[in-house]
């Protein structure tokens, strides 16, 4: 009788461990793909869809303003037309004397928060008839046109992101002068996403026109200077006589009727501010 050779089965435990590891890796890969798809959808929404919505809404607002002006043009005082008399209002971008001004508003795509706290809490600038009421706040009242960029964008009071800037509007810093008035008519706008009206303001050069239409009035400014980079808290750029406090050699030294455009730089970042200044050329 032959001796039986014992048979030893090996590897079953090892195969089980390998199968378990493969399952974990597969589940991890599925999770990574799912997260990637979600992130991609969020990016598409932020970069593409919000632009479409904001641009469409802003252009409709421009047409609505133009229709309303066509029905009843009003050639009233330019100083009061934009909700700014040139005098500061407490808590705004260029506040009343003795209070601390806030710097250029956050208007870049990378921002997750709103404008600086002091600006967020500010009331809209005062118009010829006194401070704007709640029903007038954040409502577009003017159209900014930049022929060089083919741009026509509504202008509203305040620089709150949700109420103004995320609609694709340009927002007027509280407490700054109205269109055509002595002082500084200072505006903020997104450079990326939400309509990105100020995306290409870096292309503006001295001599380019900035046109502001306000119910029967047109104020034409001409670009004078561009500050390619400054800090968020550079309050001087939106002062009545605009001059950077970070780079004191940049800006103006005499009273006048100015316009200021501010936005974030570099693109898709809110680290610094890009500033364009202009002076009033004519009004009609």
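With both labels modelled 7 Å from their Cα along Cα-to-Cβ, the residue 34 to residue 206 distance reads 6.0 nm. When peptides 151-160, 212-221 are sorted by average Cβ neighbour count within 10 Å, with the highest value leading, the order is 151-160, 212-221.
Here the extension length gained between residue 67 and residue 247 equals 60.5 nm, from 0.36 nm per residue of separation less the Cα-Cα distance.
Taken together, the values in this text are just the output of simple stated rules run on the coordinates, not laboratory data. What you see is a predicted model; the values in this text were computed from it and never measured. When we count neighbours, we look across all protein chains shown, and the Cβ atoms used for this are built from the backbone with ideal geometry, even at glycine.
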